[in-house]
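One structure is given here, and the rest of the page talks about it.
Read-outs: derived from the displayed coordinates by stated rules, not from any lab. Quick caveat: nothing in here was measured; it's all calculated off a predicted structure.
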Amino acid sequence: MITEALRLLRPGAKFTVVNEDYNQIDWLDNSYTKPTRLEVENKVAELFKNYQDTQYQRSRQLEYPPITDYLDGVVKGDQDQIDAYIAACQAVKAKYPKPE
């Protein structure tokens, strides 16, 4: 995540990172100052929190029924199929609720 943090902190800057280790950052850009360790650690923590806070989205995505099921019901005018698709989506949302 250090690489992503650096990209967000200094968009367009040139650098290399070995093993996602702050001590192994080779700062190649004279146009930008290298972020401090604290800046990088704070950005990594922010990215990690965001990743954790959006886990429900990734979990839902894996279990939602294919959208083609819904579209097929629409094309056929099959309200039962449409309702079944909506119910399946609501069940996934209930299984993986959005955190408050």
| request: Can you spot the lysines whose alpha carbon is less than 17 Å from LYS34's alpha carbon? Ignore those fewer than 8 places along the same chain. | output: LYS14, LYS43
| remark: Cross-link reach from LYS93 to lysines, straight Cα distance under 25 Å and at least 8 residues apart if same chain, gives LYS49
| Structure-based [θ]222 nm, the chain - -39500 (n - 2.57) summed over DSSP H runs of at least 4, per residue, nearest 500 | -19000 deg cm²/dmol
| task | Work out from phi, with θ = phi - 60° and the Karplus expression 6.51 cos²θ - 1.76 cosθ + 1.60, the ³J(HN,Hα) of each residue of region 30-40, listed in order in whole Hz, and give x for Gly and Pro. | result | 7, 7, 10, 7, 5, x, 6, 4, 5, 4, 5
| remark: Straight-line reach check, LYS98, cutoff 19 Å on alpha carbons, 8 or more apart in-chain or any other chain, hits among aspartates and glutamates -> GLU46, ASP53, GLU63
